[in-house]
Every structure is written in C-alpha cells, then in structure tokens.
Amino acid sequence: MLAGTNLSKSYSSGKVLENVSIQIAPGQICGLLGRNGAGKSTLFKILCRLIKPDTGTVHVYTACPKPIGGIIEKPGLYPYLSAADNLKIFAGIQKIATDATSINQHLIKVGLPLDRKDPVRNFSMGMKQRLGIAIALLNNPEYLVLDEPFSGLDPIGVASLIQLILQLSAEENIGILLSSHLMAELSKCCHFLYVIDKGKIVNAGTTNQMIHAHIQRYSITAKNIAKAQIIRKYQPIMGINDVKITCPADEISAVLQTLFQEGFAVTACTPELTLEQLIENPVS
Amino acid sequence: MSALLFAELLKLIKQPKTYWALGAIFLIELLILVTAYYQGSTILDILLDSLKQSFYFEGSLLNGNLILYIVLNGLWFNVPLIIMIVTSGILTDEYKDGTIQTSLLQAVKKQHFILAKYIVAVAFTLVVIAFMMLSTCVLAYTIFGKGDLVVYLNTLNFFKSADAFKRICWAFASGAVAMVFYSLVSITLAVWIKEAAKTWIAAALFLVITNLLLKLDLGTPMLNHFFFPKLMDTWQQFFYFEIDWFPIFLNNAILLFYGVVLTFIGTWTFHKQDIG
C-alpha cells in the first residue's frame, strides 16, 4: 500500500496542499483529477519523496529497493541520447542489467521500436511518454506515478497508453496513480478517483460511484437519431452525427432499450462528466 | 557510487557541449599561435631591442616556451569561464531536461548523485588542462621550436629552455588546482541557482570579482594568506627567478581545502533541498 496521510505544503506564494490523504493498493489504478495548478504535481512529488511536506507522512509498505517509479510533469530524458542509451544510464545508476537483451526487453514492454537509434529529442511525445514509463518501470517498482501522462498525445496515443496502463496493473499488479484534468481519459482506466481542487481533496470514490452520482449527460450516436421519439423527453441537443441528452444514470439503459425498440442501431453512448461537476458536488 | 560516476562520464562524453568547450580552448590556442606567428617577432623586437645589445639569448625569444606561457595566461579568465559553463551544465541541464527527477526516482542516494557530479567536474577540468597543455606543447614546439623564456613579473626574468619547460609544467599543475576550485564553485552555484543562464552569469561574476579582489590588501598577512582570490594566481609564482615551494604548496593545499568545504556545502544543500 502507498499512502500519503494529512499532507500539507506551502510555498511563499501560498498553500499548495492542505491536509491531503490518499492511498493506492497494489494493482489498483487511481486517478487524480484536478484543474491546472490544483496541487496534483506537488502531491506527486511528495509521494515520490522529491519534496518534503510541511506536515503529514508518506508510507510505502514494500521491501523493493525502488518502491515508486514515475513521470512528473514531463518525461525527463537526456535529449542527446538514444532511447537505449537513456535506459542504460538509468539502469546503470541503480546497478541493474544494461546488456542489449535487457534493454531491448524494456523497450518492447512499452511498445517502443528497437530500430530507433537516433536521439530522443526526435521522438514524438507519445514515444517519450512510453520511454518515460519504461524508465519508471526499471528495477520493478510496486507503484507507478504518472503526472498528466495523456497531455500532448493524439487520440491513438491516448488509447494505446491506456491499454499499457491497464496491462501493467493487471499483469504485473502495479499500483498506478495518474493525474489529469480530463475526466474522459481517467474514467476509461481508473478503479478509483480522487478530485483535487485548490490543494484539497474535494471528492473521492470508485469510478463507477462517481459516474453514477454525477453523470447527467450522454452523447448517443446512431443513424438518423434526430428522428427518435424517446430522446425528446431529455432536452436533446443535436450534433452532426450524435445527440446529447440530459438524463439520470438510472434511466440511460431504458433510453437505449427504447431506441433499439424504435429501430435505431446505437453505435456509441458516451457519458459526459465534467470536472466542475465533480468539484462542486462531492459524493456524500 | 562507481555506477553513478560511470553514468556521469558517459553523459559528459556523449554531450556535444563537452566538445564545444575543448574546441573553444583549441581555437584560443590557434589564435595565439597565428598572432604570434605573424606579429610576435615584431613585438618582441620592440620590447627587447635594448636588452639584446647587452645579453645573448639562446635561440629565438619567440619560441614554444613563450607561447606556452601566453596560453597559460588563459587561466586568468577564458579557461575558467569555459570550465565553469560546462561544469555547471552538468547539473543545470539535469534541472532543465527534468532528468534530475527521473534520476532521483530511481534507487539512487541524493548525496551520491551530487557527489558524482562534483567528481566528474573535477575529472573534466583536469582533462581540459591536460588537453590544453599537450595540444599547445605539440603545436608550439612544432611551429616555434624551443628556446629561452623571458617573462615580465615585476622585473624581467629569463629562464633557460629546459628550466622554462619544467616551470611551465609545474605552473599547469598548480593552475589545474585553481581551475578545479572554479569547477567546484560552479557546481555549488548550480546547486543553489538551478537555472543555466543565471548560473553562468553568477559564475562569470564570481570570476570577475575574484580577479578584481586579487590585489586587495586585507591588512594582515594572515588574512591575505587565507583570502581565496589571492590563491588563484599561485601558478604565476613559478615564473619568479627563485621558486619558493612552501607558499606554493600551502596556497594549493588551502585552495583544495576550500574546494572540499564547497563540495561538502553543496552536497549538504542538495540533500536538504526539494527537487522540482
């Protein structure tokens, strides 16, 4: 278990974290949702022991030489070195294998090509994120902390990174804490969500709980959806290929069933949950 | 610790900046050689015309030893400036690229991490001085040959060719101690300042102030003896007619002691401060 308890941190500019408690179990994926400047990176740095909290404690119940791996703010890489050389440097400083086979295994694990020998400054953001994760995973940490891992990625990059995160959690039982200001990405991969605002945890719960408690809008995609009768009850806003309806989570299954009965083949139904809703309406 | 040292060396070797620094020093040497080749004889003839009527000088006074002495004078400003820029970059680049966070998220001790940087900075400085001396020796002796050395320090001092070479070698060794001190200062400044451009400005300022304070008299010989700017030109003492070994040894020992103290302060500060 990785646990931060009653963590507070202030700088000359003001209080950044106030009495924050957070915990991640092995194999669990936790999301930390908050606006820019809410205190996410500071919390991550404290959990990784890069900065000291003014009050509170961090406990990692593990015997690993490197309990936590992570990327904070951006993947910190040597831009003039290749991916393999970056891995060699970070593996070498902690005296773990740096032979070509081991380095290649680390690259394969995160889906990076073995034939790229050029400096990482030429890499795309997605590739840098993957290399950052490969470095974070060196020496088999039990927990992974990823700060804004989806920023700068295209939708394919996001989907592929989510796949990698799910795989690491399921196959290697790694506890993962990710932050983002985008609900959609976190809801796709997190078991548990924390919402942070102005340095305080203002909402927390399982992802299902949070979605169930807060979702009021759905985007439904189907051919000729504008002609459907059932959606007229739910303040529909027509888009080019979809319709947005305001509907409580309890009723969405019935709506979809009715659409099916009316002869509409629904191809997508996406809940739309905003960060503001989670900040303003905590789960009781 | 050995793994960290190896990693630091690897980074230094793979960084283009390292070769820019060596290239800059080589360029300065070349400029000195070219200037000396085309104008050196004329200037020396004007300066020493009257002396040549009274004394016999073996070989040309514009010789490899004189060129080496001129290059040695780069130890006043340009060489330490280049060294301070590169060595401070050993740490400030890590802050800029975020690799300091990545490194400290590995199973690495903070004190070992920074200590490795201090040690590699010292090693780099010694390599630079060795490169500077060897490249100048090869070029200067090949182009200008050997000969007696004339140096003006309060008065004109003349040294036979073989003696001059020995003194130059010792001066490079003593100068290397001063350069090591500067490199340790630059890493310590980087620990405090973190940002590359600000650290360079601070390093240049430190260098200028040190040179300005060199002639400052603190009143008592004891204070003067321990005042670090007065220790930076110890290498010059090899060009007085009589070499006084004890103060040279003492000055360098004090400077090394200051270097160790700086390293300790820098390591302690780094250990205490937040990263990020």
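At 7 Å along Cα-to-Cβ for each site, give me the label-to-label distance between residue B:77 and residue A:251 in nm.
8.1 nm
Using the Karplus equation 6.51 cos²θ - 1.76 cosθ + 1.60 (θ = phi - 60°), what ³J(HN,Hα) coupling, rounded to whole Hz, does each residue of the range A:238-247 give in order, writing x for Gly and Pro?
Working through the residues one at a time gives 7, x, 5, 10, 9, 9, 9, 10, 9, 8 Hz.
Under a 10 Å cutoff between Cα atoms, tell me which one of A:215, A:24, A:231 has the largest fluctuation in the Gaussian network model of chain A.
A:231
Along the Cα-to-C-beta direction of residue A:261, a point sits 7 Å from the Cα; which residues of the range A:219-239 have their amide N less than 17 Å from that point?
A:228-234
Build a GNM of chain A with springs between Cα atoms under 10 Å: which of A:204, A:136, A:184 gets the top mean-square fluctuation?
A:184
Please turn the phi angles of the range B:201-214 into ³J(HN,Hα) values with the Karplus equation 6.51 cos²θ - 1.76 cosθ + 1.60 (θ = phi - 60°), one per residue in order, whole Hz, x for glycine and proline.
Going residue by residue, I get 4, 4, 5, 5, 5, 4, 5, 5, 5, 4, 5, 5, 7, 4 Hz, with x marking Gly and Pro.
Nearest 10 degrees is fine. How inclined is helix A:100-109 to the longest principal axis of chain A, computing both from alpha carbons?
Once rounded, the angle reads 20 degrees.
Name the residues of the range B:140-172 whose amide N is less than 16 Å from a point 7 angstrom out from the Cα of residue B:224 along the C-beta direction?
B:154
Using every pair of alpha-carbon atoms in the range B:132-276, split the distances into 10 Å bins beginning at 0 and state the percent of pairs per bin, rounded to integers.
10, 31, 32, 19, 7, 1
Just from the alpha-carbon atoms, what are the Rg and Dmax of the protein assembly as shown in angstroms?
For the protein assembly as shown, the Cα radius of gyration and maximum Cα-Cα distance read 32.6, 120 Å.
What list of ³J(HN,Hα) values in whole Hz, one per residue of the range A:72-82 in order, does the Karplus curve 6.51 cos²θ - 1.76 cosθ + 1.60 (θ = phi - 60°) give from phi, with Gly and Pro shown as x?
Values, residue by residue: 10, 6, 7, x, x, 10, 7, x, 8, 9, 6 Hz.
Quick check: pseudo-label points 7 Å beyond the Cα along Cα→Cβ at residue A:206 and residue A:15, how many nm apart are they?
3.3 nm
Loop only by DSSP, 13 or fewer other Cβ within 10 Å of the Cβ. Give me the chymotrypsin sites (Phe, Trp or Tyr not before Pro) in the range B:152-248 that pass, ordered by residue number.
Qualifying residues, ordered by number: B:241.
Once you list every other residue whose beta carbon is under 14 Å from the beta carbon of residue A:239, what net charge do they have if Lys and Arg are +1 and Asp and Glu are -1?
Charge balance near residue A:239 sits at +1.
Per-residue ellipticity at 222 nm for chain B, helices alone: DSSP H runs ≥ 4 residues times -39500 (n - 2.57), over residue total, nearest 500 deg cm²/dmol?
Computed mean residue ellipticity for chain B: -25000 deg cm²/dmol.
Can you list residues from other chains, or at least 5 along the same chain, whose modelled amide H is less than 5 Å from the amide H of residue A:202?
Long-range HN contacts for residue A:202: A:195, A:196, A:197.
Tilt of helix B:161-193 relative to the longest C-alpha principal axis of chain B, in degrees (0 to 90, nearest 10)?
Its long axis makes an angle of about 30 degrees.
Please compute the length gained on full extension between residue B:204 and residue B:9, using 0.36 nm multiplied by the number of residues separating them and subtracting their Cα-Cα distance.
Between residue B:204 and residue B:9, full extension yields an extra 67.7 nm.
Within chain A, what percent of beta bridges assigned by DSSP are antiparallel, to the nearest 5?
Given both bridge residues lie in chain A, the antiparallel proportion sits at roughly 65 percent.
Using a Förster radius of 25 Å, what is the FRET efficiency between residue A:116 and residue A:182 based on their Cβ-Cβ separation? Nearest 0.05, please.
Computed FRET efficiency for residue A:116 and residue A:182: 0.30.
Under a 5 Å amide H to amide H cut-off, with H placed in plane at 1.01 Å, what residues pair with residue A:27 once short-range neighbours are removed?
Counting only residues 5 or more places away or on other chains, the set is A:174, A:175, A:176.
Estimate the FRET efficiency between residue A:159 and residue B:123 by the formula 1/(1 + (r/R0)^6), using the beta-carbon distance for r and 41 Å for R0, to the nearest 0.05.
Result of the calculation: an efficiency of 0.30.
Using a Gaussian network model of chain B whose springs link C-alpha atoms within less than 10 Å, name the residue from B:75, B:30, B:212 with the highest mean-square fluctuation.
Judging by the Gaussian network model, the answer is B:212.
Looking at the square roots a ≥ b ≥ c of the eigenvalues of the Cα gyration tensor of the range A:215-280, which shape do they give, rounded for a/c under 1.5, prolate if a/b is larger than b/c, or oblate?
Details: a/c = 2.14, a/b = 1.70, b/c = 1.25.
Prolate, because a/c is 1.5 or more and a/b exceeds b/c.
Every read-out reported here was derived from the displayed coordinates using simple, explicitly stated rules and does not represent laboratory data. This one's a predicted model, so the numbers in the text were calculated from it and none came from an experiment. In this analysis, Cβ positions are derived from the backbone assuming ideal geometry, glycine residues included, and neighbour counts consider all displayed protein chains.
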